[in-house]
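Nothing in this text is a laboratory measurement; each read-out follows from the coordinates by a stated rule. This structure is a prediction, so every number in the text was calculated from the model and none was measured. With ideal geometry, Cβ positions are generated from the backbone for all residues, glycine too; neighbour counts draw on all protein chains shown.
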């Protein structure tokens, strides 16, 4: 393990040096500062804004959903995460299209409509999963034949 | 400060935030990064080859495949990296924040890794939207950051190797979790409320204390459902972004293309366009009656009108046009084999060509084609596309089409070919 780690660190340091060299050779100082600002901005955006929001949302959901079974909360959270990730990737695309495109084959689709339809599909899917979960929970609670319950667990 | 950090670490702790999850997602992310790096380097050297480099011309769709993978894997990195950062978020509040010089280097390398990776995938995605809201050159910085990302990935793996090894398989992870739980319990029994722990146990006062008590009041998540659900949603999101975008590169996913910046089957002659004739300022020169293609080998030179080119033996090929931005589409091309034109000026088959376009300016106005493409039977000066005369936006009066090359090198609006 020791040798592997040393080799990896050497490769890593060489990679960093090569990256820095390429950057210095191909970009002027103002542009390099720009890259640094973007990197720091990305870290701040994630660590100081996105992550606390996610933690806060998780706590809020669990608090307001006290009376709901945990499975339902988990399914709803999963739906929200999926919708948010799609939104994160598509929102800049919708904005970029409003800035104008080089020709009609660039950004040709109606991304707003597609996003709304996909969100609706995610909502339906989430609701269906919740219904399925509740039905299964009810069947288990109402004491169906134990053998049947066991097969369903599998 | 220390207290606050450890309280924060406790607050953000969650069942899915554990080393096993970090290893599972880390592996997937590493695969995606290495795919992007390998295909990215391939694309880079196709465009800027070193003098000794030769490239395969078969399979014809090789570049379509590698660049499609590059863009699709890059998009898949978004859910994966967000999931991975979620699992390791409590590490941000580790106490003490710095244990020494080596620890400082370790945390600095993580910061570079995270920053560079996030910027890399973001500018890559926005580039496919042709939106450039940053003050630096995309190609240069995307190239430089690829080495920074892979370098800091190697360092990160080196630092975490013991943890990665401990949690690599499900079996090993179960053992490791059992060990850690036993250790924590032993520690608790060993020091029953001495002075230090007593102070630590005292509730925090003020606003922070109230916030913490409010959070502590929250029902705890259910561990198994939480872990499985987390991995499930990250996996499903990754699958979703791939299936909903990869149709721009892979025909079998065309029906599910809802979000890709390009769509197959759209554009003049049902093929997308990157640079139009208008953008290249060739709307006049491309249709001028005195247009000739000049082919030169030292002193020998021939010039051909479009009709003369059409009178030469014609070859039909099915080749993809594959853009560096990831979209691609296969089309039917018809025209004159470039090796026949080279032979017409007395050039042997192992010679490279300098290709010049009518366009007024642009980085790809003059390009070089290596001998492996010049000698290939499928490399054409194309005159027809999908059974019709080439549209002006697809390069009328004549363009290059070669197997396995990026779209920017499939020169449109040809002006001259020169044997090197």
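Remarks
- Label-to-label distance, nm, for residues given as residue B:228 and residue A:4 (7 Å Cα→Cβ offset): 3.1 nm
- Cα shape, the stretch B:79-129, gyration tensor, a/c 1.5 rule: oblate
- Ellipticity at 222 nm from helices only: DSSP H runs of n ≥ 4 in chain B, each -39500 (n - 2.57), divided by the residue count, give -16000 deg cm²/dmol.
- Chain lengthening between residue B:98 and residue B:27 when straightened (0.36 nm per residue, less Cα-Cα): 22.9 nm
- Per residue, the average separation of C-alpha pairs within less than 8 Å and at least 6 apart gives the stretch B:270-419 a relative contact order of 29 percent.
- C-alpha long axis of helix B:170-190 to longest principal axis of chain B, angle in °: 30 degrees
- Gaussian network model of chain B, springs between alpha carbon atoms under 10 Å - residue of B:176, B:22, B:352 with greatest fluctuation: B:176
- Chain B: angle of helix B:223-243 to the longest principal axis, Cα-based, in degrees nearest 10: 10 degrees
- Structural descriptor for chain A: relative contact order 20 percent, calculated from alpha carbon pairs under 8 angstrom and at least 6 residues apart.
- Simple spin-label estimate for residue B:171 and residue B:302 in nanometres, 7 Å along Cα-Cβ: 7.0 nm
- Rotationally averaged projected area of chain B (alpha carbon convex hull; nm²): 26.6 nm²
- Length-normalised contact order for the stretch A:67-142 - Cα pairs under 8 Å, 6+ apart - percent: 48 percent
- Between residue B:108 and residue B:283, the C-beta separation translates, for a Förster distance of 51 Å, into a calculated FRET efficiency of about 0.45.
- Helix B:138-166 and the longest principal axis of the Cα set of chain B meet at an angle near 40°.
- The alpha carbons of the stretch B:302-386 stretch over 37, 28, 26 Å along the principal axes, in descending order.
- Potential extension, residue B:10-residue B:266 segment - 0.36 nm per residue separation minus Cα distance: 86.9 nm
- Per-residue Cβ neighbour counts within 10 Å put B:256, B:109 in the sequence B:256, B:109, beginning with the fewest.
- Separation of the stretch B:1-65 and the stretch B:327-343, taken as the distance between their Cα centroids, equals 35 angstrom.
- Cα gyration tensor shape of the stretch A:67-142, rounded if a/c is under 1.5, else prolate or oblate by comparing a/b with b/c: prolate
- Principal axis dimensions, largest first and in whole angstrom, of the stretch A:56-106 by Cα: 53, 17, 10
- Between residue A:137 and residue B:220, the C-beta separation translates, for a Förster distance of 25 Å, into a calculated FRET efficiency of about 0.80.
- Inter-label distance for residue B:161 and residue A:124, nm, one decimal - labels placed 7 Å from Cα along Cα-to-Cβ: 5.2 nm
- Sites residue B:310 and residue B:47 - FRET efficiency at Förster radius 30 Å, r taken between beta-carbons, to 0.05: 0.45
- Inter-part distance where the stretch B:131-155 and the stretch A:13-69 are each reduced to a Cα centre, Å: 14 Å
- Relative intensity, log₁₀ I(q)/I(0), of the protein assembly as shown from a Debye sum that treats every alpha carbon as a point, q = 0.06, 0.08, 0.11 Å⁻¹: -0.41, -0.68, -1.09
- Among B:168, B:327, B:214, the residue with the largest mean-square fluctuation in a Gaussian network model of chain B, with springs joining Cα atoms closer than 10 Å, is B:214.
- Every helix of 4 or more DSSP H residues in chain A counts as -39500 (n - 2.57), and over all residues that averages to -27500 deg cm²/dmol at 222 nm.
- nm² value of the averaged projected area, convex hull over the Cα atoms of the stretch B:270-419: 8.0 nm²
- Global form of the stretch B:1-70, assessed from the alpha-carbon gyration tensor, a/c cut-off 1.5: prolate
- According to the Kirkwood relation over distinct C-alpha pairs, the hydrodynamic radius of chain A is 21.2 Å.
- For chain A, built as a Gaussian network whose Cα springs stay under 10 Å, the top-fluctuating residue of A:15, A:65, A:79: A:15
- Backbone N under 11 Å from the residue B:368 label point (7 Å along Cα→Cβ), restricted to the stretch B:381-420: B:420
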